[in-house]
Each structure stands twice: as structure tokens, then as C-alpha cells.
Amino acid sequence: MKKKILIGLGIVGILAVAAFIFVSQGAKKSPRETTSFKHDGLDITVAYGRPFKRGRLIFGQEEDKALQPYGKYWRMGANAVTAITFSKNVNFGGKPVNAGSYRMYAIPGATVWQIGLNSEYDVYFGATEPDYSKDIAKIEVPAETTDKETDQFTISFQTDSAAVSMNLMWDKVLVKVPITIQ
């Protein structure tokens, strides 16, 4: 009996070490980051994985072996889902969204991206598409081509006189999502 318990504990220990190594290696390749924005009582927080370009074609046609093909679901980062939290009710790209936490995803295109907010934000591994019937908002925003290349996927915020812009940057693509307080 003791032998079986020791063998079982040994197997659990080996699995725990293997899981730790797997997670820590993934974190080095696409570290997890949290970025936030605070202004006029509005707090926005985004938690996401930050993959690197590493010489790959990031956005493009599937037949060109793009990492993220046009027209296909993307969790907007790596490893886990991208989660966004609003402290107040907002207009997200013109669509009303209540305060709360959401899963954020994209369907990139060459000139226009669809950005979705979904109530299934507590899913860890976001490689699978969400249940689209649980979408809170889905918007379309232009995708700009820039001269500056961004090696690591980055989400940042920028303000102007009318709104805050959530900027999504990777490779030579910039997508700006306008957000205002309701």
C-alpha cells in the first residue's frame, strides 16, 4: 500500500515539474502583461500574452503561411485569452458596453478588423473560438499599415480631446479602437 502511495506521489511530482517547465518556457516566448488606462474615473485593464514576430509573416493569407490568417479568429495575444475590464459603462467603438470583464478577440483583415467582446472571459486557453452567441459587442475598425515595425504584440492607450484610443500594434499593423465613457 505504501509503495503504491509513493509511486502515485512520484508521478504527481513529475507531472507538476513538467507543467512548471512547460508554463515557464511559454512565458519566455510570449510573456503575459497587464496594461491599464485611468482617466476621469474610468479604469481600463487589459491582460494579454505578448508574442514576438521572430521573422514570421504575422498577418496575411493562409496560403502564404501567415501566423494569423485574414478572416480567422485570433485571441489577440498568446497562451491565455485576452481579458479586458472596464470600471464604468463605455462605448466601445460606438457600441454600448456595461462595466465588467470580457474576453476580447479579433478577426483581422487586410484593411478592416472585427474586434469582439465576449462574456466568456474566464476561459484560460483561448485558442478555441468563443461561443459567439455570448458576444457583448462586435465592431469593425480600420487596420493601418505603418512604416514602423513592432516586434512584440503591444496593446497601449492614447487619449485625445474626444476619447481614449486602445492601440493594437504588431508587425507593421496598427488598429485603433475608440472608447468613450457613456
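Considering region 43-67, the residues that are farther than 15 Å from SER30 by Cα and assigned to a strand (DSSP E or B) include one that is nearest to the chain's Cα centre (by Cα), namely VAL46. Scanning region 61-95 for residues being in contact (Cβ under 8 Å) with a residue 40 or more places away in the chain, farther than 21 Å from ALA47 by Cα and not charged (D, E, K, R) gives a total of 2. Residue count for region 88-112, restricted to those that are hydrophobic (A, V, I, L, M, F, W, C), part of a strand (DSSP E or B) and over 18 Å from VAL164 (Cβ atoms): 3. Does region 22-30 include one or more residues that are modelled with pLDDT of 95 or more, assigned to a loop (DSSP other than H, G, I, E, B) and farther than 21 Å from ALA99 by Cα? Scanning region 22-30, I find no residue that is modelled with pLDDT of 95 or more, assigned to a loop (DSSP other than H, G, I, E, B) and farther than 21 Å from ALA99 by Cα, so the answer is no. For region 31-42, the set of residues classified as of a type outside the set (Gly, Ala, Ser) and either part of a strand (DSSP E or B) or surrounded by 12 or more Cβ atoms within 10 Å (Cβ to Cβ) (or both) consists of PRO31, ARG32, GLU33, THR34, THR35, PHE37, LYS38, HIS39, LEU42, listed by residue number. Of all the criteria given as (1) over 13 Å from the mean Cα position of the chain (by Cα); (2) farther than 23 Å from LYS38 by Cβ, the one not satisfied by SER87 is (2). Of all residue pairs spaced 6 or more apart or on separate chains, those with beta-carbon atoms under 7 Å, a first member in region 137-156 that is farther than 20 Å from ILE84 by Cα and a second member that is among the basic types (Lys, Arg) are THR145/LYS172; THR146/LYS172; GLU149/LYS172; ASP151/LYS53. Would you be able to say whether some residue in region 157-176 is surrounded by fewer than 16 Cβ atoms within 10 Å (Cβ to Cβ), touching a His at 6+ places or on another chain (Cβ under 7 Å) and in a strand (DSSP E or B)? Checked region 157-176: at least one residue is surrounded by fewer than 16 Cβ atoms within 10 Å (Cβ to Cβ), touching a His at 6+ places or on another chain (Cβ under 7 Å) and in a strand (DSSP E or B).
The values are calculated or read from the model by the stated rules, or taken from the named source; none is laboratory data. Computed from a prediction, not measured in an experiment: that's the story for all the values here. Cβ coordinates were reconstructed from backbone atoms using ideal geometry, including for glycine residues, and neighbour counts include every protein chain displayed.
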